[in-house]
Amino acid sequence: MSIDNLKASLPDYAKDQKLNIGSLIRNSALSEQQLWGTLVAAAAAARNERVFKEIAEDAKEHLSDEAFNAALAAASVMAMNNVAYRAKGWLGDDYAQVKFGLRMNIISKPGVDKADFELWNTAVSTINGCEHCTLAHEKTLREETLTKEQIWESIKLASVVNALALTLEVESFR
C-alpha cells in the first residue's frame with residue numbers, strides 16, 4: 001500500500017492525476033510535515049477508504065504520531081465547522097450573532113505548529129467547499145508568514161487527492 005499503488009491503479013483517463021500527485025510530492029514548497037499532513041487531512045476529507053489507507057501508509061514514515069493525529073483532527077473539526085459555518089452563511093444575518101455552541105478545543109492546542117494545522121484546515125475546507133473557513137484559515141496562514149505559493153500548494157494537493165478519491169470510487173462501480 002502506498003501512493004505508488006494509487007498511481008498504478010489509476011485508469012488511463014486519470015493520467016493527469018497520476019502525474020500531478022507525483023509532481024506535487026517530489027517538488028513541494030512545503031515542509032515534510034506540512035506536505036504529509038496535508039495529504040492525510042485531504043485523504044480523510046475525501047472519504048475514500050483506499051485513498052486514505054494508501055496515503056496513510058506512506059505518511060506514517062514522514063509524520064510523528066502527534067502530527068498524524070493532528071492532521072486527522074483537522075479533518076474532523078473541519079467536517080463539523082464547514083457544515084455549520086456554511087449553514088450560518090446561508091441563513092443570513094439573523095444567525096450572525098447566534099452562539100456557535102460546539103466544542104473545537106483542538107484548534108487552540110493541535111499538538112503541532114499552528115501554521116501546519118491551519119494549512120491542513122485550509123485543505124480540508126476547500127474539499128468541503130466552505131468559503132468562510134477557507135478564507136479565515138488563509139488569512140491566519142498569511143499572518144503566520146506562509147506564502148501564497150505554499151497555501152496554494154496545499155490546495156492543489158487537496159484537489160488532486162479529491163480527484164484520486166473520485167476516480168477510484170467511480171472505478172469501483174465499473
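The values are calculated or read from the model by the stated rules, or taken from the named source; none is laboratory data. All of these numbers come straight from a predicted model, not from anything done at the bench. Virtual Cβ from ideal backbone geometry, glycine too; neighbours counted across all protein chains shown. These area figures cover heavy atoms from the full protein model, side chains too; ligands, DNA and RNA do not enter into them. Shrake-Rupley method; radii C 1.70, N 1.55, O 1.52, S 1.80 Å.
When segment 142-168 is filtered for residues that are open to solvent by 80 Å² or more (accessible area, probe 1.4 Å) and either among the acidic types (Asp, Glu) or modelled with pLDDT under 95 (or both), the ones remaining, listed by number, are GLU143, THR145, GLU149. Could you give every pair whose Cβ atoms fall below 7 Å, whose first residue belongs to segment 46-75 and is assigned to a helix (DSSP H, G or I), and whose second residue is open to solvent by 90 Å² or more (accessible area, probe 1.4 Å), counting only separations of at least 6 or pairs across chains? Taking only residues 6 or more apart or on different chains, the pairs are LYS53/MET1; GLU54/MET1; GLU57/MET1; PHE68/LYS60.
With respect to LYS139, determine if the residue is farther than 25 Å from ARG26 by Cβ, outside any helix (DSSP H, G or I) and open to solvent by 60 Å² or more (accessible area, probe 1.4 Å).
Details: farther than 25 Å from ARG26 by Cβ: yes; outside any helix (DSSP H, G or I): no; open to solvent by 60 Å² or more (accessible area, probe 1.4 Å): yes.
No; evaluated as a whole, the condition is false for this residue.
Filtering segment 84-117 to residues that are of a type in the set (A, V, I, L, M) and free of Cβ contacts under 8 Å to residues at least 24 places away in the same chain leaves ALA84, ALA87, LEU91, ALA96, VAL98, LEU102. Looking across segment 96-109, just one residue is more than 17 Å from the chain's Cα centre (by Cα) and assigned to a helix (DSSP H, G or I), and that is ASN105. Summed over segment 5-62, the residues that are within 17 Å of the chain's Cα centre (by Cα), surrounded by fewer than 14 Cβ atoms within 10 Å (Cβ to Cβ) and among the aromatic types (Phe, Trp, Tyr) give a count of 0. If you go through segment 118-163 and pick out every residue that is in contact (Cβ under 8 Å) with a residue 60 or more places away in the chain and among the hydrophobic types (A, V, I, L, M, F, W, C), you end up with 10.
Yes or no: TRP36 modelled with pLDDT under 95 and aromatic (Phe, Trp, Tyr)?
Details: modelled with pLDDT under 95: no; aromatic (Phe, Trp, Tyr): yes.
So TRP36 does not fit the description; no.
Checking each residue in segment 110-129 for being closer than 13 Å to ALA74 by Cβ and part of a loop (DSSP other than H, G, I, E, B) picks out PRO110, GLY111, VAL112, ASP113, ASN128. Screening the candidates ASP116, ASP93, ASP65 for the property of being over 18 Å from LEU166 (Cα atoms), surrounded by 12 or more Cβ atoms within 10 Å (Cβ to Cβ) and among the acidic types (Asp, Glu) yields one hit, ASP116.
Criterion applied to GLU49, GLU61 was being within 20 Å of ASP116 (Cβ to Cβ) and acidic (Asp, Glu), and the one residue passing it is GLU61.
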